[in-house]
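Accompanying notes for the structure given below.
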């Protein structure tokens, strides 16, 4: 119920912000657009990883696990770029924060889906020596980079409604990453 109320408030916030942006006709700055694009690029790569995770089986061996790990390393690289691009300036304009939060809001359920897929393959990873450790470490690295990115975005000067929505999204992401790591650490 709480998440539905927050989603409703966020939708209202976006409608108001988009209407205000239309009236003011302000464009998104190149720096903010670079930030948005880098977040989208990391999200696209994350989605490209999900089919490999979904079809993974321990019978596929280390090469299949290595393929997933290599994709994670690319996600890690893209998240580092997003951190650099998004944290290099102090403030988003109203239109910019609405765009950033729109992208992040769209990505959160997809990130949770990928983490759920990884957790569902826990036994398959466990069958390969060290695969679970590698996957767990990958999740921790991506989780840390995601957390630092959301912290950076939330630290920018802005309005209370944006902070509330952003904090809710950050909490959802932090909880999803934490749960995935804890689940992989548990003995089957």
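Of the numbered conditions (1) exposed (fewer than 14 other Cβ atoms within 10 Å of the Cβ); (2) modelled with pLDDT of 65 or more; (3) in a helix (DSSP H, G or I), residue 27 satisfies every one except a single condition; which is it? For residue 27, the exception is condition (3). From the list 80, 34, the lone residue that is at pLDDT 95 or above and farther than 23 Å from residue 168 by Cα is 34. Within region 129-181, the set of residues being more than 18 Å from the chain's Cα centre (by Cα) and assigned to a helix (DSSP H, G or I) comprises 131, 132, 133, 134, 160, 161. Only one entry of 98, 59, 124, 48 meets the criterion of being under 30 Å from residue 29 (Cβ atoms) and surrounded by fewer than 21 Cβ atoms within 10 Å (Cβ to Cβ), and that entry is 48. For region 44-70, enumerate the residues that are in a helix (DSSP H, G or I) and within 16 Å of residue 116 (Cα to Cα). If the condition is that a residue be in a helix (DSSP H, G or I) and within 16 Å of residue 116 (Cα to Cα), then 46, 47, 48, 49, 50, 51, 52, 53, 54, 55, 68 are the ones that fit.
Which one is surrounded by the fewest Cβ atoms within 10 Å (Cβ to Cβ) among residues in region 132-164 that are in contact with a helix residue (DSSP H, G or I) (Cβ under 9 Å, 6 or more places away or on another chain) and modelled with pLDDT under 85? So the residue we want is 159. Annotation: of all residues in region 83-95 being surrounded by 15 or more Cβ atoms within 10 Å (Cβ to Cβ) and either assigned to a helix (DSSP H, G or I) or on the phi > 0 side of the Ramachandran plot (or both), the one that is nearest to the chain's Cα centre (by Cα) is 83.
The values are calculated or read from the model by the stated rules, or taken from the named source; none is laboratory data. It should be emphasised that the depicted structure is a prediction, and the values quoted were computed from it without experimental measurement. Methodologically, a virtual Cβ is constructed for each residue, glycine included, from the backbone with ideal geometry; neighbour enumeration extends over all protein chains shown.
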